[in-house]
Structures are given as C-alpha cells and as structure tokens.
Amino acid sequence: MPESDARHLSFKLVYYGPAQSGKTTNLFRLHDQLAPELKGELMTMETKDDRTLFFDLLPLGFRAPSGLLIKFRLFTVPGQVAHDGTRKAVLSRADGVVFVADADRAQETNNGESFQSLAANCARVGLDFEHLPMVVQFNKCDLPNAVPEAEIRERWSAAPWPLVFAVALNGQGIESTFELLLRAVYRNFGEKLELLAQHGLDENAFVAGALGKAA
Amino acid sequence: MSLGFDREWQLDELLDEASREKIGPALRELLRGDFALTDGAGQALWGQPSADARREPLILELEAVGYLLSSTAPAAALSAARDLLLTLLRAQIRFKMASTLHLEAVAEDFESLKREHARLSESEARYKTLSAELESRVKKQVDQLEERQQMLYEAEKLASVGQLAAGMAHEINNPLGFVRSNLSTFEKYVGKFAEMKTASGPAAESWRVLDLDFILEDSIDLLHDSAKGMERIARIVADLKAFSNVDRASEEYADLNNCLHEAVRMLETQTPAGIGFHFDLLPLPAIVCLPGHINQLFFNILRNAVLAIKDAGRPGEVRISSEADDEGIHIRIHDTGVGMSQEQIEHAFEPFYTTRPVGAGVGLGLATARNVVQAHSGRISLDSQPDVGTTVTLFFPTPP
Ligand SMILES: Nc1nc2c(ncn2[C@@H]2O[C@H](COP(=O)(O)OP(=O)(O)OP(=O)(O)O)[C@@H](O)[C@H]2O)c(=O)[nH]1
Ligand SMILES: [Mg+2]
C-alpha cells in the first residue's frame, strides 16, 4: 500500500531487471522527458563502472484537484546477481514494478533468472506477485541481435502484463512504459484510495498529472 | 511510517545535534549575524526565526524538508548559503540511505543464509534417515538370506535323512511282506502236521517219544510271537516313513499337535519303563511349516527330555502342552529329569555342545531345534533347575 497521510500520497515504483538491461537509463530518460508539476533531481547512488551498487531514485509529483500531493518515487535495483540482498531491500514496499529485460538474444537466460528472482523476492518481502501492478519492458531493441518483437510477443502471450519494446538510449518506449505502469497502479489502488471520489482524479487525469501533460 | 532506507528523511535526522553545532556558527558568520533553521513544519532547529526574515526552502526531493532564514543576509548570500547547505544535505542523505539500505540488505542476506542453512540441514537430515533406512534394509535382507540359507541347509539335511529312511523303509517292507506271508503259510503247514497226532501205529509212538505235542504247541506260540514282531517292525517302518516325511518336503499346513503325537510315537519304542508322556493339548490353528523339520525339532526336544529323566535314575514324566492366542502358538515341553546348570543353559544352543559322554550324542539336538524354530520365525527358550527338571518353551507366530 502506498504511504499516505491527509495531504500526501506516495507511490514507490521499482525498475527491476538483469544487470545492464537499462534500468538506470530508463530513469535518466524519464527525468529528461517528463515535466510534471514537481520533479526532483535524479539521485544516482554510488556506482562502479556505471553499474548501480545501491539504487537510483527519481522523485516526481503533482497536486490533485483536492490539494492532495501525489508523489512517485522511482527506484532502480542493482541488477548484478551478487547484490540480491540489496535488490530485495529496494523491492520491499513497492507499489508497482517495471521489469526491464534485455532484448539481446545473448541475455535470454539472464532475463529468465532475473524474472524468477523477482517472483521469489516478491514472496520474500511480502508482495503479492500475482496482483502487483507490473509492466514488462524489452529494452535495447535497437541491437542487431535483439530478439524480434513477434517472437517475444509469442513467448509472452500467456502472461497478463503489458509488453513494451523500448530503446532507452534514444528514449523510445520509455514514457509509454511508465504510462502503462501508472494505469496499472491506478486500477489497483485508485478505488481503495478514493482518488476519484475524494480527490477528483480519474485514470487519465492521474496519468496526465504524473507525466506532466494536459489531460 | 516505516524506518526503511526509502523513508522520507527529516531534517533533524540528517543534521544531528553535533553537526548543527559545527555548521551553525559558520552559517551565522556567512549570513551576517542572524540565521535560523527550521524543519518542514516550521519548528526551529537552530536560532529564532524572526517574522521579517528572508526564507529559502531546502528541497531534497519534491518538498521542503526545512527552511533557511535570515533577516540580515542579502538575498544572493542567503541562496548561496542554501545551495551550500543542500550540497551538505544531499551528501548526508546519500550516506544515510546507503547505510540503512546496506543494513537491510545484510539482514536480508543473513535471512537468506539462514533459509539456505535450514534447507541444507533438512536435506542432510533426509539423507541421514535415508542412509539409515538403507542400512537397515540391507541388514534385513542379509538376515533373510541367512535365514533362507539355514532353512535350505536344514531342508537338504533332513531330505537326505528322509531319503535314507524312505529307502530303508522300502527295503525292509519287501522282505517284511514275504516273511509275514510265509509265516502265515507256515502256520497252516503246522496245522497239517497236527493231523498226524490222531494217526496210529509207529507214527503215534514216535509222536509221543519226540514229544511233538509240546513242539507243535510251542511252534504255534513262536509263530504268533514272530507275527507280532513283524507287526512291530511294520509299524516302526510306517512311523519312520511318516516321520521322515519324504513326501512332505515342502511347506504345508500342519497341526502341530499331530506333529507332537508323531514325535512321541517315534520315541515311545525306545523309552524305558518308568517314563511317561502326558499330553495337555488345546486345539491349535494349522500353520504353514515344514512338517518334516518340525517333527525333527519335537523329536530332538522330547528325546532330550527322556534322556534327562533317564539320567536322574528315577521314574518321571514328560508333560507336553500347547495352546494358541492372538499372536501364535505356544508349546511347552517339561520334564522332571536332572535339569541343567546355569552354565549348561548358556551353552545349550551351541552346536556340538553336549553334556553326554563322548559317543552318546553329537550335540546337535538343540542347535538344530533352534535353527528350525528360527526358520519358522519362532522363538525357543530354556528354563531349568538342577535336579528338578527342564522346561523348553516354543513359540510360533501365526499370521494376523
Ligand atoms: N544499445 C543499447 N544500449 C543501451 C540501451 N539502454 C541502455 N543501454 C546501455 O546499456 C548499458 C547499461 O545501462 P544501465 O542503464 O546502466 O543498466 P542498468 O540496468 O542500470 O544496469 P545495473 O545498474 O548494472 O543493473 C549502458 O552502457 C547503456 O548505455 C538501449 O536501448 N540500446
Ligand atoms: Mg543501474
């Protein structure tokens, strides 16, 4: 459940995925592309050779018609296998997840293992994986040996999550990934939090506020 | 509010008392005398915020975690001081978040290790039980093999004894047959001779002189005695045949009471006067067994009983009792013979152990008995008191 008090509502959204799949790059692009009412600095924690050691954090926010301040705190986990403990800790209390897979054919096993670790870690930190708002993004579709979109769609056809094909390097698919996650989050929590009834926010207004676009 | 690394850190957490003491005087100097610091809610952390002071928000994420105030500093100086303070706070929050996250991760890793350890211990325990199980299964199979081998050995031994007995019985039966028929023919012939008794003349004289009256009478007696002897031989041969059981070498249903009777019959012929058998048998369920072996078993025990009484040099009795309960069949063979010492009891079941003089027995009696009992999954035990007597208790399980 998102953290909330009378004037604030804070969603924790986590970018999860194998090492080097482009999670940090996703946050950089969002920081560049989005223009919500409130946008904090992208805080990238210690890195070693460009690889996340702890997490990255991008805060975004806007005010609902009711005056409620809605905050989104976007985190990335470190993808390297060795940092599983950190990954679990960052994943705790997440309200939504973007799984950033690497479309590179050579990374298929890593994607699979990382996805399984996501399911397992959700269970460990008490998240209901089945009902967790989630979007699956295949990044690096620009690579010559990227698995073709049709093949990936075919493989994931039975899965309930929306698929996005992205090139984080040039920003392609990054905003739509985030938008799909926002919609899933709204559908999951909107009613419980009375976003429409109490705060005058329907799904489109919620998404528009977060992205910084007129509804 | 959770205390996770990802909580929204408050200004007083980021700037503790000690660091405020350090930066407070420096900032006051830079801001030309007046300076105050409040948290996000306006609560003073340093100095006294005056009503006419300029105010700069300290924003780390989206909202102000606190405010920097001064009534003396020019606007440019105040915002420069704010930037300085923010740089400090950013470094501080990074450190706080990273160290808190590190602690959470270490705790997580520790939990994982514990889980892994528990899993390993569990699988180790599983392997241990498995190996123990295997061990006991192997042992059971070895025991079973040994038992089978013992049975086979006994069966072969008894089969050869049985074959010998059967062969002998067959060989004896033939001459026995013609001797019996000859004897009865001979008796008829003697009858013919008797007719000469009523003859007259010199024959009558010779009859008298040779005392043929007596000879005739005695011949008849001798013939009857011989016929009786033949009967006895025939019965012994029949018993021997039944006992050796050549025709019953395989497992079959048998009533152990019958086996006891059969063994006693075998023994009775060689039992001296003054030794009696007393039966106290209750109805028994038939059990699957090797009757030939069982006969041999009872024979061995009963013969020991008879010999024990004989050794005591006084009349005595062998009491044979049997009964069945839910678990199986209980048989007791008690004699009032010499009894056994503790040492004798201890060695009684050892092969070739004997209390009899060399040549009187090979000492296989009780050893064989025990083998036969074990081959039938039964138990045998001895209870004895010197000069009072011995009781052998046997138990054969019946299938539930
Ligand atoms: N070709 C290509 N390269 C990309 C793309 N997105 C990211 N990269 C590169 O992939 C590398 C890793 O990107 P990051 O965003 O640091 O990956 P990460 O998932 O944060 O990695 P960790 O922090 O180690 O888990 C960088 O060199 C990026 O420039 C893409 O769409 N196409
Ligand atoms: Mg990263």
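The values are calculated or read from the model by the stated rules, or taken from the named source; none is laboratory data. Here the structure is a predicted model, which is why all the values come from computation and not from measurement. Cβ sites come from the backbone with ideal geometry, for glycine too, and all protein chains shown count toward neighbours.
Quick look at the values:
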item	result
Those residues of the stretch A:47-82 which are within 24 Å of A:E130 (Cα to Cα), surrounded by 17 or more Cβ atoms within 10 Å (Cβ to Cβ) and within 11 Å of ligand 1 (Cβ to nearest atom), in sequence order	A:T76, A:V77, A:P78, A:G79
The stretch A:99-117: number of residues that are hydrophobic (A, V, I, L, M, F, W, C) and buried (at least 20 other Cβ atoms within 10 Å of the Cβ)	4
Helices (runs of 4 or more DSSP H) contained in the stretch A:21-136 and holding at least 1 residues free of Cβ contacts under 8 Å to residues at least 12 places away in the same chain and over 22 Å from B:L101 (Cα atoms)	A:108-124
Selection count where residues are in a helix (DSSP H, G or I), buried (at least 19 other Cβ atoms within 10 Å of the Cβ) and among the aliphatic types (A, V, I, L, M), scope the stretch A:185-197	2
Of all residues in the stretch A:75-97 being at the interface with chain B (Cβ under 9 Å from one of its Cβ atoms) and among the hydrophobic types (A, V, I, L, M, F, W, C), the one that is farthest from B:D83 (Cα to Cα)	A:A89
Test result for A:V97, within 11 Å of ligand 1 (Cβ to nearest atom) and of a type in the set (V, I, T)	no
Residues that are out of contact with any Asp or Glu (no Cβ under 8 Å at 6 or more places or on another chain), closer than 13 Å to A:G212 by Cβ and more than 8 Å from chain B (Cβ to nearest Cβ), drawn from the stretch A:59-74	A:I70, A:F72
Test result for B:S131, over 30 Å from B:A369 (Cβ atoms), modelled with pLDDT of 85 or more and surrounded by 14 or more Cβ atoms within 10 Å (Cβ to Cβ)	no
Residue list for the stretch B:63-96, restricted to those being within 14 Å of chain A (Cβ to nearest Cβ) and assigned to a helix (DSSP H, G or I)	B:D83, B:L86, B:T87, B:L89, B:R90, B:A91, B:Q92, B:I93, B:R94, B:F95, B:K96
Residue selected from the stretch B:278-298 under the condition out of contact with any Asp or Glu (no Cβ under 7 Å at 6 or more places or on another chain) and within 30 Å of B:R314 (Cα to Cα), by the criterion modelled with the lowest pLDDT	B:Q296
Some residue of the stretch B:83-103 being under 60 Å from the mean Cα position of the chain (by Cα) and of a type in the set (V, I, T)	yes
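Residue-wise test of (1) within 8 Å of ligand 1 (Cβ to nearest atom); (2) surrounded by fewer than 22 Cβ atoms within 10 Å (Cβ to Cβ); (3) under 20 Å from A:L127 (Cβ atoms); (4) aliphatic (A, V, I, L, M).
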| position | (1), (2), (3), (4) |
| --- | --- |
| A:R7 | no, yes, no, no |
| A:F11 | no, no, yes, no |
| A:V14 | no, no, yes, yes |
| A:E37 | no, yes, no, no |
